[in-house]
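Participant: Encoded as structure tokens, here's the structure I'll be asking about.
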Amino acid sequence: MRATLKKRVLFLGLPAAAALAGLVFAGRAEAATINKTVCVRNVTKTLSGTNVNFWGFTEGCMGMGAGLVPGPVVEMGEGDTLNLTLNVMMAPEEAAPYNGHTIHLHGLDVPQAEDGVPETGASVSGDTYTFTAKPGWAGSYIYHCHVHTVKHLEMGMYASLIIRPKDANGNFLKQITSTAATAYDYVQNYLISTVDPGYHTATGDSTVFADYNPLYFLIEGKEGKSKTAPAVTLAAATGKKVALRLIGLHSVNARFTLRDSNGSAKSFTIHTRDGRSLPAPETVSSVSISPGQRYDILFTLPSTSGTWYPQVEFQDLWNGNTYTGGTVYGKITF
Amino acid sequence: MFPPNAPTIDRTLFVRFVLLLLLLVPPLSSEAASKNYSLYIATGSVTITASPVTGNGAATIPSWGYTDVAGGPGKVPGPILTAREGDAVSVTVVNNDSRSHNFVVKRVTTDTSAIPAGGTKTYTFTAPAAGAYVYYDSLAGNVNREMGLYGIFIVEPADGSLSAWAGGPAYTSAVSWVVSEMDKPRWNDVASSGGTVNTSVYKPNYFLMNGMNGFQAMGDANTSIMGRVGDVALVRLVNAGQYSHSLHFHGNHYRLIDEDGVRLASFKELDIVNVPPLGTVMVLFELNQPGVYPMHIHTAQMETGNGVYLNGVAAMIAIEP
Ligand SMILES: [Cu+2]
Ligand SMILES: [Cu+2]
């Protein structure tokens with residue numbers, strides 16, 4: 001499959017195609033073209049007192065600043081075109097054949113030339129990845145590296161990509177989709193991931209990668225092991241609507257619940273899954289998130305003040321037991 | 001199939017050719033038939049091939065399996081069993097192994113009693129609602145299943161039409177995917193040599209698609225989704241393993257039409273299907289743009305075969321214009 005790298009030559013016409021796509025949409029007031037460039041840099045995170053090295057995407061390409069985990073959020077409207085450029089200059093990397101990096105637009109159904117998969121011809125030396133968000137695609141996606149993903153995802157090479165509905169003037173609507181029932185007052189990303197430090201030092205084809213033993217559990221790249229030290233916080237007004245985007249970059253099972261200060265589960269409504277509206281919204285009191293899945297959920301805060309704790313329990317793939325330290329909290333005060 | 005722009009095809013001749021083909025196809029029949037299978041339980045092995053990228057990862061895993069070849073080694077997974085809805089199905093299971101085994105079709109059969117070493121048992125049942133079913137050996141905790149004793153049972157609509165069920169969504173081609181795992185050092189090596197598996201520890205290091213490592217599966221015509229733009233592939237998927245398998249499609253979303261035999265009233269459009277242990281699903285994948293795309297598991301270690309990248313659960317999607 002590596003032999004197909006020769007195909008790289010075929011894709012040199014890409015920037016021209018991207019420019020053409022930009023022209024087609026330039027005539028429509030509501031469609032924008034978004035150009036963004038990201039690089040890859042080392043970053044050390046201190047997790048439960050231990051330093052772990054990550055590779056993070058960052059827009060700060062002018063020096064050796066730290067990468068971000070998760071990487072910079074890409075936000076675009078339905079109808080908009082994204083030109084996402086990966087610059088691999090000065091990027092930390094593995095030895096061949098797992099050298100270099102790519103970007104895979106996870107869930108965006110791009111053609112092969114934009115798919116970022118080295119084994120089907122993607123360059124690992126940097127490229128521009130282009131697509132136009134179709135109507136009906138409002139929801140949550142991911143962009144991540146697709147080189148030796150067992151390691152590179154674990155190293156933190158992932159970020160949220162959000163597609164938003166727009167009004168006739170081209171402004172973002174504060175809704176999950178173009179359906180008015182998905183309107184929110186507040187929105188937050190809950191990108192969830194897990195960390196096995198052994199995967200951060202192993203490289204190449206190593207038996208380390210056959211056995212996943214996560215020690216750290218993250219929402220938006222942060223530990224939040226207790227209600228008093230949550231990973232993510234939101235200060236909201238009573239009676240308002242909150243949308244959360246649950247984005248799975250972990251490698252175990254996970255279960256999301258929303259609980260009040262007494263621990264009672266509160267129901268919420270799933271409007272989109274994997275970037276598509278469900279045929280009918282589903283109101284539930286918990287949802288399991290599997291690796292790669294995304295859910296956009298909505299709930300209304302009570303009319304009297306209080307605190308709710310959105311939380312994710314990370315569970316063993318085999319017996320479903322929640323890992324020690326595997327419950328990560330968010331916090332919403334209202 | 002002719003390329004759409006082939007200039008040399010005489011259209012009249014082409015129409016005649018198609019009409020001739022139609023005459024040759026027997027008319028659809030709704031009459032229930034009987035389907036008889038013989039399965040033999042035997043030891044065998046699963047061959048893991050090396051990564052062509054790095055040359056790493058070749059291995060042989062001792063296994064137990066069902067086979068349709070009398071006297072042959074066990075196959076992993078066992079043979080694909082097929083029937084049409086309403087057919088009278090008879091499966092005669094011959095236990096050629098030295099241990100007790102059985103044969104259970106989840107959601108179909110209820111007899112879980114053992115077939116002793118050297119014994120034979122015949123299971124008869126009526127083919128249930130069109131869909132995907134998993135058959136397996138339910139004995140010895142999960143050890144017999146983990147060793148490779150499982151397979152898929154496919155039920156087609158009674159009229160034999162290319163639809164997921166009578167009056168259900170139509171497709172142009174179908175593939176079946178049996179996903180699973182094996183813990184070679186702690187389960188397969190121990191059980192195959194007569195030892196007692198410590199079933200309180202399960203750390204599988206091989207993750208299989210249709211009994212194959214990733215590089216074999218990606219090159220396997222029966223596992224790949226192949227066709228032309230406009231085709232619709234039906235995937236009948238069973239998880240015979242003990243881990244959930246979270247599978248991600250590149251190139252297009254798919255439609256979830258059936259989960260564990262429950263037909264969805266309206267089909268969800270998704271790009272990840274998460275199948276729990278002994279779960280079954282049916283999905284429709286529309287081939288809507290040319291290219292070659294992977295379908296792969298999104299769980300880190302399950303993308304590998306004992307740590308060798310891309311040798312875990314994967315398949316290819318190849319779409320011609
Ligand atoms: Cu990478
Ligand atoms: Cu992905």
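Bear in mind that the values in this text are calculations on the coordinates, not laboratory data. Note that the coordinates shown come from a computational prediction; the quantities given were computed from them, not determined experimentally. All Cβ positions, glycine included, derive from the backbone under ideal geometry; neighbour counts span all protein chains shown.
Participant: I need A:V110, A:V187 ordered by Cβ neighbour count within 10 Å, fewest first.
Facilitator: So the ranking, lowest neighbour count to highest, is A:V187, A:V110.
Participant: Rank these for me by crowding, A:S290, A:S267, going from fewest to most other beta carbons within 10 Å.
Facilitator: Fewest-to-most Cβ neighbours within 10 Å comes out as A:S267, A:S290.
Participant: Ok, one more. Once the cut-off is 34 Å, how many percent of the Cα-Cα pairs in chain A end up in the long-distance tail? Don't skip to the answer; put the middle values down first.
Facilitator: Values: 13920 of 55611 pairs.
Cα-Cα pairs of chain A separated by over 34 Å account for 25 percent.
Participant: Okay, moving on. How large is the dipole of chain A about the Cα centre if only Lys and Arg carry +1 and Asp and Glu carry -1, each at its Cβ, rounded to the nearest 20 debye?
Facilitator: Charge dipole, chain A, about its Cα centre: 540 debye, nearest 20.
Participant: Return the sequence-ordered ³J(HN,Hα) values of the range B:100-106 in whole Hz as given by the Karplus equation 6.51 cos²θ - 1.76 cosθ + 1.60 applied to θ = phi - 60°, using x for Gly and Pro.
Facilitator: So the Karplus estimates, Gly and Pro as x, are 6, 9, 8, 8, 10, 9, 4 Hz.
Participant: Turning to a different aspect of this structure: Each residue of the range B:307-321 in order: what ³J(HN,Hα) in whole Hz does its phi give by Karplus 6.51 cos²θ - 1.76 cosθ + 1.60, θ = phi - 60°, with x for Gly and Pro?
Facilitator: Values per residue, Gly and Pro as x: x, 8, 4, 6, 9, x, 7, 7, 8, 10, 10, 10, 10, 8, x Hz.
Participant: A 24 angstrom limit on the alpha carbon distance is what I want to check against. Which of A:K227/B:K203; A:K151/B:K203; A:K45/B:K203 exceed it?
Facilitator: Numbers: A:K227/B:K203 32 Å; A:K151/B:K203 19 Å; A:K45/B:K203 28 Å.
Pairs exceeding the cut-off: A:K227/B:K203; A:K45/B:K203.
Participant: May I ask which of B:K35/B:K121; A:K266/B:K106; A:K240/A:K266 have a Cα-Cα span longer than 26 Å here? Walk me through the numbers before you get to the answer.
Facilitator: On the way: B:K35/B:K121 16 Å; A:K266/B:K106 35 Å; A:K240/A:K266 15 Å.
Violating the 26 Å Cα-Cα cut-off are A:K266/B:K106.
Participant: If you average over every viewing direction, what projected area does the convex hull of the Cα atoms of the protein assembly as shown give, in nm²?
Facilitator: Across all orientations, the protein assembly as shown yields a mean hull projection of 31.7 nm².
Participant: Here is a follow-up. Using square roots of five times the C-alpha gyration tensor eigenvalues, list the equivalent-ellipsoid semi-axes of the range A:186-333 in whole Å, biggest first.
Facilitator: Working: eigenvalues 163, 59, 32 Å².
Ellipsoid half-lengths, sorted descending, are 29, 17, 13 Å.
Participant: I would also like to ask the following. Could you pull out every one of the aspartates and glutamates with an alpha carbon less than 20 Å from that of B:K184, ignoring same-chain neighbours closer than 8 positions?
Facilitator: Those aspartates and glutamates meeting the cut-off are A:D205, A:D211, A:D316, B:D97, B:D137, B:E146, B:E303.
Participant: Counting only residues 5 or more places away or on other chains, whose amide H sits under 5 Å from the amide H of A:Y129 once H atoms are built in the peptide plane?
Facilitator: Under 5 Å from the amide H of A:Y129: A:L84, A:T85, A:L86.
Participant: Under 17 Å between alpha carbons, and skipping anything fewer than 8 positions from A:K241 in its own chain: which aspartates and glutamates qualify?
Facilitator: Within the straight-line cut-off, A:K241 pairs with A:D185, A:D260, A:E282, A:D296.
Participant: If one takes the longest principal axis of the Cα atoms in chain B, at what angle in degrees, from 0 to 90 and to the nearest 10, does the Cα axis of helix B:11-24 lie?
Facilitator: 40 degrees
Participant: Could you check what % of the DSSP bridge pairs in chain B are antiparallel, to the nearest 5? Mind showing how you got there, number by number?
Facilitator: Values: 64 of 87 bridges.
If I count the DSSP bridges inside chain B, around 75 percent turn out antiparallel.
Participant: Over the range A:164-309, what is the relative contact order in whole percent, taking alpha-carbon pairs under 8 Å and six or more residues apart?
Facilitator: Details: 285 pairs, mean separation 34.9, N = 146.
Reported as a whole number, the value is 24 percent.
Participant: Could you give the dipole magnitude of the range B:180-321 about its Cα centre, charging the beta-carbon of Lys and Arg +1 and that of Asp and Glu -1, in debye to the nearest 20?
Facilitator: For the range B:180-321, the charge dipole is close to 180 debye.
Participant: How big is the dipole moment of the range A:179-334 about its Cα centre under a simple scheme where the beta carbon of each Lys and Arg is +1, that of each Asp and Glu is -1, and everything else is neutral? Debye, nearest 20, please.
Facilitator: 580 debye
Participant: Also: So for the range B:34-156, averaging the separation of alpha carbon pairs under 8 Å that are six or more residues apart and normalising by length, what relative contact order in percent results?
Facilitator: Working: 326 pairs, mean separation 34.1, N = 123.
Relative contact order comes out at 28 percent.
Participant: Out of all Cα-Cα pairs in chain B, roughly what percent, to the nearest whole number, are more than 32 Å apart?
Facilitator: When all Cα pairs of chain B are counted, 32 percent exceed 32 Å.
Participant: Taking the Cα centroid of the range B:164-185 and of the range B:39-101, what is the distance between the two, rounded to the nearest whole Å?
Facilitator: Answer, in whole Å: 17.
Participant: Of all the Cα-Cα pairs you can form in the range A:259-309, what percent are over 16 Å apart?
Facilitator: Counting every Cα pair in the range A:259-309, those more than 16 Å apart make up 48 percent.
Participant: Oh, and also: Identify the trypsin sites (Lys or Arg not before Pro) of the range A:103-204 meeting these criteria: DSSP loop state and at most 16 other C-beta atoms within 10 Å of the C-beta.
Facilitator: Counting only loop positions with at most 16 other Cβ atoms within 10 Å, the trypsin sites (Lys or Arg not before Pro) in the range A:103-204 are A:K174.
Participant: Let me ask something else about it. Tell me, what HN-Hα J-couplings in whole Hz come from the Karplus equation 6.51 cos²θ - 1.76 cosθ + 1.60 at θ = phi - 60° for each residue of the range B:193-205, using x for Gly and Pro?
Facilitator: 9, x, x, 9, 6, 7, 6, 8, 10, 9, 10, x, 10
Participant: Can you pull a Stokes-Einstein diffusion coefficient for the range B:173-320 at 25 °C (0.890 mPa s), Rh from Kirkwood over Cα pairs, as a whole number of µm²/s?
Facilitator: For the chosen part, D equals 155 µm²/s.
Participant: For A:C61, A:C145, which order do you get if you count the other beta carbons within 10 Å of each Cβ and list the fewest first?
Facilitator: Listed from fewest to most nearby Cβ atoms, that is A:C61, A:C145.
Participant: How large is log10 I(q)/I(0) at q = 0.14 Å⁻¹ when the Debye formula is applied to the Cα atoms of the range B:70-197, each weighted equally and without solvent?
Facilitator: -0.68
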